[in-house]
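Have a look at the structure below, then the notes.
We did not get these values from a lab; they are worked out from the coordinates using the rules stated. Just so you know, these numbers come straight off a predicted model, no measurement behind them. Please note: Cβ atoms are built from the backbone with ideal geometry, for glycine as well, and neighbour counts cover all protein chains shown.
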Amino acid sequence: MITIDLSGPFVTYSILAALGILGWVWGFRYIVSLGLLTTIAYVVSVQGGNFVVDLINRTYSNLPRLAAFLTGGSTADVAPLGPIIPENLEAPLLLRVLLFIALVAIGIGYSFPWEGKPLGGWGGKRPLRILGALTGLYTAVLLTSAVSIFWREFAPTVEVSPTVATALNSLPTWTGIIPSTITAFVITLLIVTVIRFNRVWAVDGGGGG
């Protein structure tokens, strides 16, 4: 009988391998959308902490003052509204998780102009496949880091099965390398855009990547 130790790196390596292979099969042009939206989701929802929550609450609270300003009234005489998102542990964290999921879902489901079609198969267009595999690995690092960080914040308030808890606890946060990997990804995008500026919105013959 084969025993899988979920407390070790098995889950992490599986995610890295799966997205790395997916990037190779899809190609760079196709998977870069997922990498880009995952980056935005990570910066806004994970690294940004409660920035979005605070921004929404401040905007909502100041709506009466904004209305008074637009109608020529005195903003000093208008009391602000209470926060629309409760200032507790669960609500802001849940919003951040839902925002992260929504942005990643856009990266998966929305067809951006540069995508074309997945390359498919294993051979041909090696540069696009190598860049695709690296982008897949990069995306996997961000996803595992986000899940790990969110889980550590959620853990005190939720109950899951011991097996699931063990798997989630095994995921690394990667906090020491995330800033460098995001910077490297952004620089790569800039270089590719400059080199292939005339083809950014064009689809390579036979399918993009």
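About its Cα centre, how strong a charge dipole does the range 24-133 have in debye, to the nearest 20, once Lys and Arg get +1 and Asp and Glu get -1 at the Cβ?
740
Provide the gained length on full extension for the span LEU94 to ILE195, in nm with one decimal, where the gain is 0.36 nm per separating residue minus the Cα-Cα distance.
My answer for the length gained is 32.3 nm.
Please check: in the Gaussian network model of the chain (C-alpha springs, under 10 Å), which one of SER145, SER180, SER170 has the largest mean-square fluctuation.
Per the Cα network of the chain with a 10 Å cutoff, SER180 tops the list.
Tabulate in residue order the Karplus-calculated ³J(HN,Hα) for the range 111-122, using 6.51 cos²θ - 1.76 cosθ + 1.60 with θ = phi - 60°, rounded to whole Hz; enter x for Gly and Pro.
In residue order, the calculated couplings are 8, 7, x, 7, 6, x, 10, x, 4, x, x, 10 Hz.
What are the membrane-span-like helices in the chain by this rule: whole DSSP H runs, Cα extent along the axis at least 18 Å, mean Kyte-Doolittle hydropathy at least 0.0? It would help to have the intermediate numbers written out before the result.
Numbers: long enough: 10-26 (24 Å, 1.75); 28-41 (19 Å, 1.49); 90-109 (28 Å, 2.12); 126-154 (41 Å, 0.89); 178-195 (25 Å, 2.34).
Membrane-span-like by this criterion, though nothing is claimed about a membrane: 10-26, 28-41, 90-109, 126-154, 178-195.
Take every Cα pair under 8 Å in the chain that's 6+ residues apart, average their separations, divide by the length, and report that relative contact order as a whole percent.
In percent, rounded to a whole number, it is 39.
Can you tell me the dipole magnitude for the range 73-164 around its Cα centre, using point charges on the Cβ only (Lys, Arg +1; Asp, Glu -1), in Debye to the nearest 20? It would help to have the intermediate numbers written out before the result.
Details: 6 positive and 6 negative charges, 170 e Å.
I would put it at about 820 debye.
Projecting each Cα onto the charge dipole of the chain (Lys/Arg +1, Asp/Glu -1 at the beta carbon, about the Cα centre), which of GLN47, LEU16, GLY82 comes out farthest on the positive side?
Going by the Cα projections, it comes out as LEU16.
Along the principal axes of its C-alpha atoms, what lengths does the range 1-137 span, in descending order and rounded to whole Å?
Sorted largest first, the three principal extents are 69, 43, 18 Å.
Could you check which residue among ASN57, ASN88, ASN169 shows the biggest mean-square fluctuation in a GNM of the chain with a 10 Å Cα cutoff?
ASN88
With each pseudo-label sitting 7 Å past Cα toward Cβ, what's the VAL52-THR173 distance in nm, one decimal?
2.0
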